[in-house]
Amino acid sequence: MRRVLPLALGSLLFSLLLVGAPDTAKKETLRCTLTNTKLAKCCCQPRGEKLYCPLAKKTIDKCCCERINSQ
């Protein structure tokens with residue numbers, strides 16, 4: 001009986017951590033609006049006073065990356 005209680009409590013705590021983990025472990029998913037490519041991080045690079053999108057290979061005025069709502 002003494003061994004069962006710590007094991008049960010440990011299992012309960014571990015399962016609670018797993019339930020709460022997906023929200024904190026989610027990676028942000030982005031999409032390039034010019035090429036419709038999914039990205040892990042923004043592709044825009046500063047170039048002078050404008051931005052450069054290496055995927056579309058063109059200079060742009062504002063960031064072309066937008067968040068994807070994946071739920």
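The values are calculated or read from the model by the stated rules, or taken from the named source; none is laboratory data. Predicted model, so just to flag it, every value in this text is computed and none were measured. Backbone-built Cβ (ideal geometry, glycine too); neighbour counts: all protein chains shown.
Numbers for the structure displayed
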{"quantity": "Residues (surrounded by fewer than 11 Cβ atoms within 10 Å (Cβ to Cβ) and of a type in the set (A, V, I, L, M, F, W, C)) located in segment 33-67", "calculated": "ALA40"}
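Residues checked against (1) modelled with pLDDT of 95 or more; (2) not in a loop (DSSP other than H, G, I, E, B):
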{"site": "ARG2", "(1), (2)": "no, no"}
{"site": "ALA8", "(1), (2)": "no, yes"}
{"site": "SER11", "(1), (2)": "no, yes"}
{"site": "PHE14", "(1), (2)": "no, yes"}
{"site": "LEU17", "(1), (2)": "no, yes"}
{"site": "GLY20", "(1), (2)": "no, yes"}
{"site": "ASP23", "(1), (2)": "no, yes"}
{"site": "LYS27", "(1), (2)": "no, no"}
{"site": "TYR52", "(1), (2)": "yes, yes"}
